[in-house]
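See structure below.
The values are calculated or read from the model by the stated rules, or taken from the named source; none is laboratory data. All figures in this text were calculated on a predicted structure; none of them were measured in a lab. Cβ coordinates were reconstructed from backbone atoms using ideal geometry, including for glycine residues, and neighbour counts include every protein chain displayed. Surface accessibility is based on the protein's heavy atoms, side chains included, excluding ligands, DNA and RNA. Shrake-Rupley method; radii C 1.70, N 1.55, O 1.52, S 1.80 Å.
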Amino acid sequence: MRISVIGSGYVGLVTSACLSDEGHQITCVDVDKTRVSQLSLGILPFHEPDLGELVRRQLDAGNLSFTEDLAPAVSNSQIVFITVGTPSYEDGSVDLSAVLTVAEGIGRAIEGYLVIVIKSTVPVGTAELVRHEIAQYARADFAVLSNPEFLREGQAVRDFLEPDRVIIGGADEQAVGLLRELFASFATAEKILIMDSRSAEMAKYTANAFLATRISFINEMAGLCEGLGVDIERVRQAVGMDPRIGQAYFSPGLGYGGSCLPKDLRAVLAMGRQRNLPL
């Protein structure tokens, strides 16, 4: 398939490399001229195991290219992934300006039926906002789907190539079918979940909020165990053997962090406040 990926950050670059490795023709678009130049030479802006090798191999194979020009990339694509950043405002709510700017650019560039897929982590209802923004400019039919990513730093390539689930949110049957076909080479049918876009958007936030909760909970138990003279490692091992609980994200440490969990938890709280549903 001919695919454009808008944004060459962590999600965009992993998506571009892995899809191109499956033989798809991928054009990755970014507004940063220096980054585009470096990526075109196979120089990555960050380290992720196996990613550099994938990018350089597919550049050599001609399946992957990088550009600053959004319009020609979009007009030549069957699917466009939006993977731009969604940083937080001071109150924890999400800044969607980059997403909406890209949506306008896509709308102006559409020449035929196009499937637009939001992979960035975005609040509930964003697919509808993007659909409205694109509709103001589009001269051809299109569909907007939600497809949240669940990549872990240090294991992102493996997570993309061997996902534990693929979520596709949207109602357009033609678009859903095309995306299901795209991901069929990575995931079995039972691992591809089809739902409405709002549920897909919320699934990502729910997963990350729960992971943050697990880490916080085991740290609370570790503090209590220390005060009681109890070995938290033995407790963690015993409790984690329960299949309802498990061992992942269940080790005491410094607390949750990284680029996603704090930001996404703030966004969940902000969504609650905005709807007068305090959490």
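So here's what we get for this one:
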| read-out | value |
| --- | --- |
| For the chain, calculated [θ]222 nm from helices alone, where every DSSP H run of n ≥ 4 adds -39500 (n - 2.57) | -14500 deg cm²/dmol |
| Heavy-atom surface of the chain, accessible at 1.4 Å and reported per residue (Å²) | 50 |
| The chain: projected area of the alpha-carbon convex hull, averaged over directions, in nm² | 16.1 |
| List Phe217, Phe81, Phe46, ordered by accessible area with a 1.4 Å probe, largest first | Phe217, Phe46, Phe81 |
| Length added when fully stretched, Ser199-Asp231, from 0.36 nm per residue minus Cα-Cα | 7.5 nm |
| Spin-label model distance (nm) - Val31 vs Gln136, 7 Å beyond Cα toward Cβ | 1.6 |
| Within the range 176-274: Cβ-based charge dipole about Cα centre, in debye rounded to nearest 20 (Lys, Arg +1; Asp, Glu -1) | 260 |
| Residue pairs, from the table Lys33/Lys119; Lys119/Lys263; Lys204/Lys263, whose Cα atoms sit over 18 Å apart | Lys33/Lys119 |
| Positive dipole terminus of the range 45-92, leading residue within Gln78, Ser88, His47 (C-beta point charges) | Gln78 |
| Degrees separating the helix 97-109 axis from the principal Cα axis of the chain, which is the longest one | 20 |
| Cβ crowding within 10 Å averaged over residues, with 122-130, 53-61, 84-92 ranked highest first | 122-130, 53-61, 84-92 |
| Point-charge dipole on Cβ atoms (K/R +1, D/E -1) for the range 1-136, about Cα centre, debye to 20 | 300 |
| log₁₀ of I(q)/I(0) at q = 0.11, 0.13, 0.15, 0.21 Å⁻¹ - the range 134-254, Debye sum with one point per alpha carbon | -0.55, -0.70, -0.83, -1.18 |
| Within a Gaussian network of the chain (alpha carbon springs, distance under 10 Å), most fluctuating of Ser40, Ser259, Ser93 | Ser259 |
| Phi-based couplings in Hz for the range 216-225 (Karplus 6.51, -1.76, 1.60; Gly and Pro marked x) | 5, 5, 5, 5, 5, 5, 5, x, 5, 4 |
